[in-house]
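Trainee: Just passing along the structure, written as structure tokens.
Read the figures in this text as sums done on the coordinates, not as results from a lab. Note that the structure is a prediction, hence the values are computed from the model and not measured. Heads up, the Cβs are rebuilt from the backbone with ideal geometry, glycines too, and the neighbour counts pull from every protein chain shown.
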Amino acid sequence: MINTIAYGLTIGGILYIISIGLSLTFGTMRIVNFAHGLIYTIGAYLLITTLPIFKNNFIIGALFTVLAVIPISYVIERFIIRKLYGVSIDYAIIATYAVVLIGIDLIKWIWGASPIPLSDPIGIDITLFSVTIPLYRLMIIVLSLIIFVTLTIFFKKTMIGKIVIAALEDKDAVRSLGINVDKYFSYVFIIGSCLAALGGVLYAPITSVHPYMGMMVLLISFAVVLVGGLGNIKGTFVSAFILGLVMAITGRFWGPAAETMVFIVMGIVLIFKPIEV
Amino acid sequence: MLSVENLNVSYGHAKVLHDVSLKVSNGEMVFIAGRNGAGKTTLLKTIAGFLKPDTGSVIFEDKKINGMLPEKVAHLGIRYVFQDKRVFSNLTVKENLEIAAYPVKENIKDAIDKVIGIYPKIEKFLNMRAGSLSGGQRQILLIGRALIGKPKLLLIDEPTEGLAAGTINDILNVLVKMKGNISLVIVEQNLSVVGMLADRVYMMKEGKILKEMTEKDEITNKENLEKYL
Ligand SMILES: Nc1ncnc2c1ncn2[C@@H]1O[C@H](COP(=O)(O)OP(=O)(O)OP(=O)(O)O)[C@@H](O)[C@H]1O
Ligand SMILES: [Mg+2]
């Protein structure tokens, strides 16, 4: 059971890393961004492609991947997302879903459709309090905590962070003070995309890399965001770990129900806590 | 310094402003009054760049500004204080001021001093969450925030709306301190306030300017103002 919890925390950590970007784009730009799942997939593919180049140094491969996503997400933000400001939310869904479909086809064309496995980059198990878990998974949990603390400080202490917090609440008031809010929103979008790619990188060794890997993760991420509150940095963190645990524990008793259970929990939460937009 | 000429503004197909014209001279305190739904907010939002007019123009210091983005309009020295009295409630009072000081590169100390200048009590609240302020304090924070960076024209939308009588006095004091130092366009339904402070009054009804008044005895006569409501 403790093993299951450790696994749940790993999933929670990855879910947090992926969902925070989705939550912030939702909260700031009011846009449902399906392309977020594609960035996650691209992250995983960039990693397996560049690993041999970097002599299988996972950290350098991960760093390269996260940086390589900056121009990709810049293009998506500048030429697609920015065109969707203020238009009806279904257009955003259709447009970003189109990006996903094109992206998946491109991936199949470049890398093929069959899943590509990747081995654990550390390959060491450690025993803590009589539980043996792969060190790699422990590192993921620690990394997600570091990212949470860093983002919290970023949004509390930096000017960019404060402007985004203010704009989450009242975008027009920020504009009326002479601040070009869209510029700050694109920073947030790019940071969120880099984290999505990092999520793909981190999850690749745990499952396998395939063109559709982003789709299921995206749906679960939506659940995390809805439970945690749109644009809520702390809420997303808590909800990611809770839903990660829900997945792991359900999966232990009945594998096929793991993901369904996430949506059941989401449904229950939404009954008691309506979405605040 | 500001001249609005034959402005026509619509929301979708619903035309809300019909040939509205007004002007503001340097240092003048101009009031706009009129019943709910007359189009006062629509007028201010159009000047501030949040709405684009169908026809007509907004000229600020000899420059046509209609069609400019709100953040550009702000850079020219116009600030709009919204009607809804929403502060950045998750930030502290000081951080609210920081956000205003940032785009105009004003030192935060100077910015704080400026707000203390119009409302000394704010010093005690600087590190409090802005969301915990009372309605009147919020309104003063909003006005103070808008004063940062030496703006030339302030547009304030119903500053005393929904406030208790005592609090309205605080707001009046703030407005009196600003009078003459900066040009102001204030939407206000409280005609005593209008009578006390206005240099020029526009009465609006159903999207039109019904009457413009500049004579002191016209403005201070409440019955006279009420005729145009
Ligand atoms: N976003 C909008 N979409 C459609 N119609 C609107 C919108 N905002 C305002 N209106 C309409 O335009 C008209 C003028 O509204 P406006 O808010 O400018 O009036 P106001 O004089 O500021 O009123 P109040 O004193 O209540 O603030 C009203 O009939 C209102 O219903
Ligand atoms: Mg109004």
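Trainee: Using 0.36 nm times the number of residues separating A:L219 and A:R82, minus their current alpha carbon distance, what extension gain do you get?
Mentor: 47.0 nm
Trainee: With each label point set 7 Å from Cα along the Cα-Cβ vector, what nm distance links B:T220 and A:T152?
Mentor: Roughly 6.0 nm, to one decimal.
Trainee: Could you give me the ³J(HN,Hα) list for segment A:191-202, computed from phi with Karplus coefficients 6.51, -1.76, 1.60 and θ = phi - 60°, whole Hz, x at Gly and Pro?
Mentor: Listing the rounded values in order: 4, x, 5, 4, 5, 4, 4, 4, x, x, 4, 6 Hz.
Trainee: I'd like the antiparallel share, as a percent to the nearest 5, of DSSP beta bridges with both residues in the protein assembly as shown.
Mentor: 60
Trainee: Output the 0 to 90 degree angle, nearest 10, between the alpha-carbon long axis of helix A:233-253 and the longest principal axis computed from the alpha carbons of chain A.
Mentor: The two axes meet at around 30 degrees.
Trainee: Going through segment B:146-217, which trypsin sites (Lys or Arg not before Pro) have at most 12 other Cβ atoms within 10 Å and a DSSP loop state?
Mentor: Here no trypsin sites (Lys or Arg not before Pro) fit, given the DSSP loop and packing criteria.
Trainee: Using a 10 Å cut-off around each Cβ, can you sort B:S132, A:S119 from fewest to most neighbouring Cβ atoms?
Mentor: The fewest-first ordering by Cβ neighbours comes to A:S119, B:S132.
Trainee: Shifting gears a bit: With θ set to phi - 60° and the Karplus curve 6.51 cos²θ - 1.76 cosθ + 1.60, what are the ³J(HN,Hα) couplings of segment B:15-29 in order, to the nearest whole Hz, using x for Gly and Pro?
Mentor: So the J values, rounded to whole Hz, are 7, 10, 10, 10, 6, 7, 10, 7, 9, 10, 9, 4, x, 7, 10.
Trainee: A follow-up question, please. State which stretch of chain A is the longest one without any exposed chymotrypsin sites (Phe, Trp or Tyr not before Pro), exposure meaning a DSSP loop state and at most 11 other Cβ atoms within 10 Å. Before the final figure, lay out the partial values.
Mentor: Values: sites that count: A:F129, A:W254.
Within chain A, the longest run free of exposed chymotrypsin sites (Phe, Trp or Tyr not before Pro) spans A:1-128.
Trainee: Along Cα→Cβ, 7 Å out, is where each label goes; now give me the distance between the ones at B:S21 and B:Y228 in nm to one decimal.
Mentor: Spacing of the two 7 Å Cα→Cβ label points: 1.5 nm.
Trainee: Could you pull out every residue, at least 5 positions away or on a different chain, whose amide H is within less than 5 Å of the one on B:R200? Hs are placed 1.01 Å off N in the peptide plane, and Pro or chain starts have none.
Mentor: Those lying under 5 Å, H to H, from B:R200 are B:M29, B:F31.
Trainee: Karplus couplings for segment A:101-118 from phi (6.51 cos²θ - 1.76 cosθ + 1.60, θ = phi - 60°), rounded to Hz, Gly and Pro as x?
Mentor: 4, 4, x, 5, 5, 4, 4, 4, 5, 7, 10, x, 8, 7, x, 10, x, 9
Trainee: Continuing with the same structure: Trypsin sites (Lys or Arg not before Pro) within segment B:67-139: which are DSSP loop residues with at most 16 other Cβ atoms inside 10 Å?
Mentor: Passing both the DSSP loop test and the Cβ count: B:R86, B:K105.
Trainee: Counting only pairs 8 or more residues apart or on different chains, how many lysine pairs in chain A have their Cα atoms under 20 Å apart?
Mentor: Taking the Cα cut-off of 20 Å, the pair count is 13.
Trainee: Calculate the radius of gyration of the Cα atoms of the protein assembly as shown to one decimal place, then report Dmax, the largest Cα-Cα distance, as a whole number, both in Å.
Mentor: Values for the protein assembly as shown (Cα only, Rg and Dmax): 27.5, 89 Å.
Trainee: Shifting gears a bit: When DSSP beta bridges are limited to those with both residues in segment B:2-226, what percentage is antiparallel, rounded to the nearest 5?
Mentor: Rounded to the nearest five, the antiparallel share is 50 percent.
Trainee: Considering only DSSP beta bridges with both partners in segment B:131-229, what is the antiparallel share in %, to the nearest 5?
Mentor: 45
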